[in-house]
Structure formats: structure tokens, C-alpha cells
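First comes the structure, then the notes that go with it.
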Amino acid sequence: MPKSTLSPGEAIVVTVICFGLAIFGSVQAVFAGFPDVQFSNANSIRLVCIELVLAGAALVFLRIRNFDIKSLHPKPTFRGTLLGVGLFFACSLTGAVVTAPFHALDHSGFVRFSFADVSLASMILVALVNGTFEEVFLLGVLVRGLRGFGLSVAMGLPLMVRVLYHLYQGPAGAAWVASFGVLLTLAYVITRQLWPSVFAHILWDIVPAL
């Protein structure tokens, strides 16, 4: 019978496969002084391709380890979509609160993002793939897989991973991502459904760039 838990070693392997490259790049950005981020159609497509390859590699590993891969389908529903919309607004409000001190410091700690060179179609494609990729592996695999070690570990370690690969967004961005991650994780733990968190993430990858 397929399992839904992970050993510490399995969790580390999944983390390295899915997020190791992003964490490495994010740490590099920290040492480079948080350079501005320029999005384009080319690097958007590159991100999609990389995440699809990493997802495939992680799923192969999980299948070999007899993890319940079928449970990782987000399964969109009307109710889950509405919950995702509400979650998006809750994350937006919470994010505004946690980043307010940075705004008070003359926007210190913010990284500037430019979407001038990316088309709406590319933006939507990235949002669909990236939002699904991150939440499936952070929540559906890591949070769910680590629950045998207690809720604090199951929620805390994936949240730490999420923040680590978003460090390139600067201190304010990292604070926002932390609050975002807490709410998405709580929604998943309470509802045991991936779709609301996935949809909220998809919306967040699209709406701020419009």
C-alpha cells in the first residue's frame, strides 16, 4: 500500500531535488546585495521547463519510495476555488501588515520587480506551473509527509524551505513570503485540500504583475 509519510532522509532528497537550485540562487542574490529582478518571456519559459523537469525527477523518486503520488493531484472544485480567492485576499492583507515596518523605513528591504518584458500568456503559464509545483511539493509532500514528527515540524521545516528560496526578494519579501506560507499551510492542514492553496498561489503570481 502506498505511504503518505516521509523519513528525514526522504524529505531531504525531495527538498534538494525541488528547491535546492532555487535556494542556491537565492543565497547568491543575498551575497550580491539583492539585485532587482527582471522578468522576461525567455526566463519565464526557462523557469517552467526547470520546474517541470524537477517535478518529474521528484515524482520518480517518490514513486520508487512508494509514496502516494495520486494524492498530490490538487483536484479543483468550485468551493475550493472560492476558498482560494478568500485565501489570496487574506494573504494580501496579512502581507501588507507584516511589511508595513519596511514601508515606514522608506521602502528599505524591498527588491524591485519588472514585468515589462513578459507577456500575459507567459505570466499565466508561469503562475499555473509555479503555483502548483511549489504547493504540491511543499504542502502535499513535505507538510503531509512530515506530520509523523509533529505539527510544528511538519509546518515549520517546509516554511523554512519556502523562505530560503525566496530570500532573493529581500528582507521585506522574505517576511511577506513567511506570512503567505503560514496561511497557505494552515489552510492545507485544516482542509486537507491542496487546491485552495494552489489557487491562491496562482492568483498571487498573476495579480501583482498586472
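The values are calculated or read from the model by the stated rules, or taken from the named source; none is laboratory data. Here the structure is a predicted model, which is why all the values come from computation and not from measurement. Neighbour counts run over all protein chains shown; Cβ positions are idealised from the backbone, glycine included.
The C-beta contact set for the stretch 20-45 (first residue among the charged types (D, E, K, R) and modelled with pLDDT under 95, second residue assigned to a loop (DSSP other than H, G, I, E, B) and surrounded by 14 or more Cβ atoms within 10 Å (Cβ to Cβ), distance under 7 angstrom, 6+ apart or interchain) comprises Asp36/Val111.
Restricting to the stretch 138-173, count the residues that are assigned to a helix (DSSP H, G or I) and either in contact with a strand residue (DSSP E or B) (Cβ under 6 Å, 6 or more places away or on another chain) or farther than 19 Å from Thr191 by Cβ (or both). Quick ask: steps written out before the conclusion?
Residues of the stretch 138-173 assigned to a helix (DSSP H, G or I): 138-145, 147-149, 151-164, 167-173.
Okay, now just the ones that are also either in contact with a strand residue (DSSP E or B) (Cβ under 6 Å, 6 or more places away or on another chain) or farther than 19 Å from Thr191 by Cβ (or both), so 148-149, 152-153, 156-157, 160-161, 163-164, 167-173.
Result for the stretch 138-173: 17.
Return yes when Asn130 is more than 17 Å from Trp176 (Cα to Cα), part of a helix (DSSP H, G or I) and without any contact (Cβ under 8 Å) to a residue 24 or more places away in the chain and no when it is not. Taking the combined requirement at face value, the residue does not satisfy it.
For the stretch 59-100, give me each residue that is within 30 Å of Pro171 (Cα to Cα), surrounded by 15 or more Cβ atoms within 10 Å (Cβ to Cβ) and either within 17 Å of the chain's Cα centre (by Cα) or at pLDDT 95 or above (or both). Before the answer, list the steps.
At the first step, the residues of the stretch 59-100 found to be within 30 Å of Pro171 (Cα to Cα) are 83-100.
Filter again for surrounded by 15 or more Cβ atoms within 10 Å (Cβ to Cβ), leaving 83-84, 87-88, 90-92, 94-95, 98-99.
Scanning the stretch 59-100 gives Leu83, Gly84, Leu87, Phe88, Ala90, Cys91, Ser92, Thr94, Gly95.
Can you confirm whether Arg144 is basic (Lys, Arg) and touching a Leu at 6+ places or on another chain (Cβ under 7 Å)?
Details: basic (Lys, Arg): yes; touching a Leu at 6+ places or on another chain (Cβ under 7 Å): no.
Judged against the criteria, Arg144 is not a match.
The condition of being of a type outside the set (Gly, Ala, Ser) and at pLDDT below 95 holds for Val207. Ala29 passes every criterion in (1) in contact with a Pro (Cβ under 7 Å, 6 or more places away or on another chain); (2) not in a helix (DSSP H, G or I) apart from (2).
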